[in-house]
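One structure is given below, represented as C-alpha cells, and several questions about it will come after.
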C-alpha cells in the first residue's frame, strides 16, 4: 500500500519508492526516506499529508505520497 492509504499515527517501513524522477529520489533520500526506514503519517489534508521521518516532520503532496510504498 502507499502512504495515502496508511493509518494516521501508525509507523510503517518504506518498502519502495516508485518514481522516474531522479531529483525527487535524491530529495527523498536527503530527508531520510528510503527503503527500510520507518515513516509515520502524522496528519492528512486535502492536497497533502504530514509525515514523520527520523526526527523531522515534512509536508508532502498526495502525488508524492502515492509513490511511497510501505
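Coordinate-derived values only; no laboratory data. Treat the numbers as computed from the prediction; the structure is a model and nothing was measured. When we count neighbours, we look across all protein chains shown, and the Cβ atoms used for this are built from the backbone with ideal geometry, even at glycine.
Inside segment 27-55, can you point out the residues that are in contact with a strand residue (DSSP E or B) (Cβ under 8 Å, 6 or more places away or on another chain) and without any contact (Cβ under 8 Å) to a residue 12 or more places away in the chain?
Selection gives 50 alone.
Working only within segment 27-50, note down all residues that are outside any loop (DSSP other than H, G, I, E, B) and surrounded by fewer than 15 Cβ atoms within 10 Å (Cβ to Cβ).
27, 29, 30, 38, 42, 43
Here is a list: 24, 64. Which entry is surrounded by 16 or more Cβ atoms within 10 Å (Cβ to Cβ), assigned to a helix (DSSP H, G or I), in contact (Cβ under 8 Å) with a residue 24 or more places away in the chain and touching a helix residue (DSSP H, G or I) at 6+ places or on another chain (Cβ under 8 Å)?
Residue meeting the stated conditions: 64.
If you don't mind, another one. Residues in segment 1-21 that are touching a strand residue (DSSP E or B) at 6+ places or on another chain (Cβ under 8 Å) and in a loop (DSSP other than H, G, I, E, B): how many? Steps first, please.
At the first step, the residues of segment 1-21 found to be touching a strand residue (DSSP E or B) at 6+ places or on another chain (Cβ under 8 Å) are 1-4, 6-18.
This time we only want the ones that are in a loop (DSSP other than H, G, I, E, B), so: 1, 6-10, 14-15, 18.
Count: 9.
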